[in-house]
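J.: Questions regarding the structure given below will be posed in turn.
All of the numbers you see were taken from the coordinates with simple rules; none came from a lab. Remember, predicted model here, so these are calculated numbers, not experimental data. No Cβ is skipped: glycine too gets one built from the backbone with ideal geometry, and neighbour counts run over all protein chains shown.
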Amino acid sequence: MQHLFTKFLLVAVIIGFVSCAAKKIQSGGNDTVKVMTYNVHHCNPPEKQGVIDVEATAAVIKSQGADIVAVQEVDVNTGRSGNINQAELLALKAGYKSFYFAKAMDYDGGQYGILILSKYPLANTKTYMLPRAEGNNSGEPRVLAAATVALPGGRTILFGSTHLEAYNKESRLLQIKEINRIAGASSIPFIVAGDFNAREGSEVIKTLDEHFTRTCNNCPATFSEGKAGGVIDFIASAPKNAFDIVSHKVIPDRKTSDHMPVVAELQFK
C-alpha cells in the first residue's frame, strides 16, 4: 500500500509540473511577449492643470509588468514639465533597464516625443520621421521610434512606438503607409504600438490591417476628452502569421492621463 501511495504521489507531482509548464508557455513564458501602449499626456493628470506627476504615471506602467512599453507625449527638459527628463525618470521609476527616446520636435526649451521602455536590451535604435501631406506644416512632426529587442529564449523582434497626426487625415494615411513599408522591409517580427489618432473602420486602420494583425477587434475605448471618446490606441504585429493573441485589455485608469493604457500578450506561433 505504501508503495502504491508513493507511486501515486510521484505521478501527481509530475502532472502538476507539466501543467505549470504548459501554463507558462500559454502566458508569460519565453514564447510570449507582453506589450503596453500608453499616451501619458506629458505626465499631466487631465484634472490637474499645470501639475506634472511622473510618479503616478510610472506607477501605472509598473503595475502592468509589460515586457515592452510604447509611450507617447513625453517631455524631455521642457519648461512646462519643470525641465526634467521624463523619459529617463519613467524608465527608472517604472523599473525598465533599457529605454529609447525619439524626439518629434523641439518644444519649450527642450524636446517632445515618444519613448520605448524595455526590460530587455535594445539595439539598432532609430527614429523615423514620418511624412506629412504637402502643405500640412502647421501640425506637429510625427515619428516612429524603432528598436530591435532581444527577448529571452533567443528570440528577436522589431518594436515600434508611434503617435500619428491628429488633425490631417491625408498626413495620417501617409504615415501609416510608411509604417507598413518599414514592416515589409523587416526580416524579423515587428510589433507596433501607439496612439494612431484613428478609429476602427477608418481608412487609416484598414491600411494598418493590410500588413498587421491588431490585438483586438471591436476594441474597448482607450481615451476620453471632454464629451469625446473612443478607440485610437492600438497594438499590432506583422507579419500576420507571426503571433497568436493571448489577451488584450484596457486598464480603466482615467486619472493619470486622458488616454488609458492598453496591454496585450502575444504568443509566438
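J.: Percentage of Cα-Cα pair distances in the stretch 33-138 greater than 21 Å, rounded to whole percent?
T.: 35 percent
J.: Arrange the peptides 36-45, 132-141 so that the one whose residues have, on average, the most other Cβ atoms within 10 Å appears first.
T.: 36-45, 132-141
J.: Now a separate question. Hey, of (1) 124; (2) 153; (3) 170, which did the structure itself give for volume of the Cα convex hull per residue in Å³ when calculated?
T.: Computing volume of the Cα convex hull per residue in Å³ and matching it to (1) 124; (2) 153; (3) 170 gives (2).
J.: Same structure again: Are there DSSP H segments in the chain that both extend 18 Å or more along their axis (alpha-carbon positions) and score a mean Kyte-Doolittle hydropathy of at least 1.0? List them, or say none.
T.: Qualifying helices: 2-26.
J.: Another question, if that's okay. When a/c reaches 1.5 or more, the comparison of a/b and b/c decides; with that in mind, is the stretch 156-269 rounded, prolate or oblate per its Cα gyration tensor?
T.: oblate
J.: What does the highest-first list of 148-160, 108-120 look like by mean Cβ count within 10 Å?
T.: 108-120, 148-160
J.: Give the relative contact order (percent, whole number) for the chain; include only Cα pairs under 8 Å separated by 6+ residues.
T.: 19 percent
J.: Evaluate the distance, in nm, between pseudo-label points positioned 7 Å from the Cα of Met129 and of Arg254 along their respective Cα→Cβ axes.
T.: For the pair Met129/Arg254, the computed spacing is 4.0 nm.
J.: At Asp53 and Lys269, where each label point lies 7 Å from the Cα along Cα→Cβ, what is the point-to-point distance in nanometres?
T.: So the label points at Asp53 and Lys269 sit 4.3 nm apart.
J.: Shifting gears a bit: Restricting to bridges with both residues inside the chain, how much of the DSSP beta-bridge set is antiparallel, in percent to the nearest 5?
T.: Approximately 85 percent, going by the DSSP bridge assignments.
J.: With each label point set 7 Å from Cα along the Cα-Cβ vector, what nm distance links Glu200 and Asn218?
T.: Each label point is offset 7 Å from its Cα along the Cβ direction, giving 0.7 nm.
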